[in-house]
Amino acid sequence: MIDRSPDKSRKKRIVILGGGFGGVYAAIHLERLLARDSAVEICLVSQDNFFLFTPMLHEVAASDLDITNIVNPLRKLLRKTEVLVGEVNRIDLPNKQIVISHGYRNHSLQIDYDHLVIALGSITNFYDIPGLADLAVPMKSLHDAIQLRAQIIRHLEEANSNSADRQALLTFVVAGGGFAGVETVAAVNDFVREALPFYPNLRESMLRVILAHSGSVILPELGEDLGRHTQKVLARRRVRILLNTRVKSVTENKVFLAYRAPIPCSTLVWTAGTVPSPLISPLPCAKERGRIVVNHFLQVSDWPDVWAVGDCAFVPDIRNPGKAHPPTAQHAIREGRVVAQNIAAALLGRPLKSFSFKTIGLLASIGRRAGVARIFGFNFSGFFAWWMWRTIYLSKLPGLDKKVRVAFDWTLDLLFPKDVCAVYEPPHRRDFPWKHAKDVVGDNGQSPAGTPQTIPAPHFSARSLSP
Ligand SMILES: Cc1cc2nc3c(=O)[nH]c(=O)nc-3n(C[C@H](O)[C@H](O)[C@H](O)COP(=O)(O)OP(=O)(O)OC[C@H]3O[C@@H](n4cnc5c(N)ncnc54)[C@H](O)[C@@H]3O)c2cc1C
């Protein structure tokens, strides 16, 4: 829908790139702050039409939660924002424009902005390790969790009916001993062991679940004590932990490790590295470890109308000069709020606010009603930490309906065995439609993909923000 009415020509457009924690919370707060300002429009561009609650991703992979319970439609969360589902292809800072492609026919669209919020997050880093990008399952998107769940079930099925490759099929290696890796290995371990009664030819002694970590203790963010405690808990549950271990290469049936014997394995989960969105590196602005350097107002240096938040931003920690805030959801949410306040302040000619936030706590669920947590500097473990994990994350999950659904799933999980239907395996990667639609002519027969359609700021269709 493109509104070309001339009376909207003086509207200021705020474009937010990314529908994750940083982008969505920026939009939510902008909607509130600018609700009465009909001269401003907000547009959010994201490749998915939903917001993903990553802290519960491993629960989808391990069949604890239904797939759609940890995602929320962006259109439901953002009632006064124009949501554009598409791939951001280019950010043109000098011309204040972004280029996106959208739809199965890969239409190109240019969008002008007055203020830009870059919240594109990060992607998995495979470090050019041979075989890794093709064969490992990352743990970053909903697609990854669905793929992992389906792959685990498929391998259990195959191992049950075919004894030839059993060892590789029944070995599950997770690389990376940070939060995502530990929570994933714990959940996968519970899942495969609880699924076993459905597979009469398989025995528990055939299963191997391994966590490979490059450091000397897992969960380094939680400190050595909790890391070692977690190692003991996982080892008791028959997860083998390989410390100071790096993956060297991967084939379909083997994982090769540096200075260790290769492991016969056909499921490798890779959680050992992320890198900021590839759209960041060509930008003509300062970067630190690939992230956009912003000042304490979250403004990109030399580009006062450009802001960055979340995992793709290097946000200085004003309490610890020279250091940056860690890339976590709890920071991205707060950065989203401050960036909204600062954009509203900039539009109204008011002073900007500095971003400052001290991590309240860190929690990890380590399977079977056990957790570890560090809150206000105090360590917790066991059932109480797990209960806190569930309570806190349930309260943070957006949407009352999703909260209720997750609470129901958790309750049902106590009563019934896990679901082992491998029904949701996506047949193709997320970029499938784009790749195959490259040379297709648009619906109108005139605008071939790659010829961007330009929509200058005054004519864009964003809904009015007037109440
Ligand atoms: C498995 C897992 C568990 C985690 N658990 C926790 C936890 O318990 N607590 C915690 O604080 N943090 C956790 N995190 C980290 C947290 O998810 C991130 O720090 C947070 O998501 C960062 O928010 P963001 O907005 O910067 O990026 P994201 O939330 O990743 O959002 C980026 C958005 O940009 C979109 N996007 C990217 N590229 C494009 C493009 N080219 N075109 C269009 N759209 C694009 C994406 O689709 C996405 O919507 C976890 C992360 C993972 C992967």
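The values are calculated or read from the model by the stated rules, or taken from the named source; none is laboratory data. Given the structure is predicted, the values throughout are model-derived calculations rather than measurements. Virtual Cβ from ideal backbone geometry, glycine too; neighbours counted across all protein chains shown.
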### Query
Hey, any hits in region 261-272 for a residue that's within 16 Å of the ligand (Cβ to nearest atom), assigned to a loop (DSSP other than H, G, I, E, B) and farther than 30 Å from Val192 by Cβ?
no
### Task
Answer with yes or no whether Pro220 is within 16 Å of the ligand (Cβ to nearest atom), surrounded by fewer than 18 Cβ atoms within 10 Å (Cβ to Cβ) and not hydroxyl-bearing (Ser, Thr, Tyr).
yes
### Summary
Filtering region 374-393 for residues that are surrounded by 15 or more Cβ atoms within 10 Å (Cβ to Cβ) and touching a residue at least 24 places away in the same chain (Cβ under 8 Å) leaves a count of 7
### Query
Any chance region 48-57 includes a residue that's within 27 Å of Pro282 (Cβ to Cβ) and of a type in the set (Asp, Glu)?
yes
### Query
Which of the residues that make up region 203-244 are in a loop (DSSP other than H, G, I, E, B) and charged (D, E, K, R)?
Arg203, Arg237, Arg238
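Any residue that is away from the ligand (no atom under 16 Å from the Cβ), of a type in the set (D, E, K, R), surrounded by fewer than 22 Cβ atoms within 10 Å (Cβ to Cβ) and not in a loop (DSSP other than H, G, I, E, B) - is there at least one of those in region 247-258?
yes
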### Message
Just checking, does region 111-134 include any residue being among the acidic types (Asp, Glu), within 16 Å of the ligand (Cβ to nearest atom) and either assigned to a strand (DSSP E or B) or on the phi < 0 side of the Ramachandran plot (or both)?
### Response
no
### Task
Considering only region 328-375, state which residues are among the hydrophobic types (A, V, I, L, M, F, W, C), closer than 22 Å to Ile218 by Cα and within 14 Å of the ligand (Cβ to nearest atom).
Ala329, Ile360, Leu362, Leu363, Ala364, Ile366, Val372, Ala373, Ile375
#### Entry: Lone unmet requirement of (1) hydroxyl-bearing (Ser, Thr, Tyr); (2) farther than 21 Å from Val309 by Cβ; (3) modelled with pLDDT of 95 or more for Ser108
(3)
### Query
What helices (runs of 4 or more DSSP H), lying completely within region 10-91, carry at least 3 residues that are within 10 Å of the ligand (Cβ to nearest atom)?
21-33, 57-61
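In this structure, does Arg319 turn out to be assigned by TED's automatic domain parsing to the domain that holds Lys287 and either closer than 22 Å to Ser122 by Cα or crowded, with 20+ Cβ neighbours inside 10 Å (or both)?
Values: assigned by TED's automatic domain parsing to the domain that holds Lys287: yes; either closer than 22 Å to Ser122 by Cα or crowded, with 20+ Cβ neighbours inside 10 Å (or both): no.
Criteria not met by Arg319.
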### Query
Take the residues of region 291-316 that are assigned to a loop (DSSP other than H, G, I, E, B) and modelled with pLDDT under 95: which is farthest from Gly361 (Cα to Cα)?
Asp302
### Considering residues of region 135-151 that are among the hydrophobic types (A, V, I, L, M, F, W, C) and more than 16 Å from the ligand (Cβ to nearest atom) only, the residue nearest to Ile98 (Cα to Cα)
Leu135
